[in-house]
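Values in this text are rule-based calculations from the coordinates and carry no lab data. Being a predicted model, the structure only gives us computed values, none of them experimental. No Cβ is skipped: glycine too gets one built from the backbone with ideal geometry, and neighbour counts run over all protein chains shown.
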Amino acid sequence: MDVQVKTNHNDKHGEFMLLVNGVASGKMTFVFTEKNVISVNHTGIDESFKGLGYGVYLMEEMVKFSRENELKVIPVCPYVVKMMDRTPDYQDVLYVK
């Protein structure tokens, strides 16, 4: 299976699009809330791929994007909250007030 994640964004919001064999199969959306801070507000996976771990591809791309762009993340989406809590390697991008 060929799995890719494409990133699309402007200066207000963006998304990470999951492509499985070239077909859009899920996405993670975010908004820029302030300089160098994004709020990740939604993760959705196509029904046929739910429970198979494809959300991790979106999570990894979001963390990579955040690191490369020196962004901090406010997790709003329950999936992102759960993954941030479970994964010590993601703590460097977590927004702390």
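Assorted remarks:
- Residue-wise HN-Hα coupling along segment 81-97, computed from phi with Karplus coefficients 6.51, -1.76, 1.60 (Hz; x: Gly, Pro): 4, 4, 5, 5, 5, 7, 10, x, 5, 8, 4, 5, 9, 6, 6, 10, 6
- Alpha-carbon geometry of the chain: the Rg and the Dmax are 12.7, 40 Å, given in that order.
- Angle of helix 55-68 to the longest C-alpha principal axis of the chain, folded into 0 to 90 degrees and rounded to 10: 40°.
- Trypsin sites (Lys or Arg not before Pro) restricted to segment 10-95 and DSSP loop, no more than 14 other C-beta within 10 Å: Lys12, Lys35, Lys50
- GluC sites (Glu not before Pro) within segment 37-79: DSSP coil, no more than 10 neighbouring Cβ in 10 Å: Glu70
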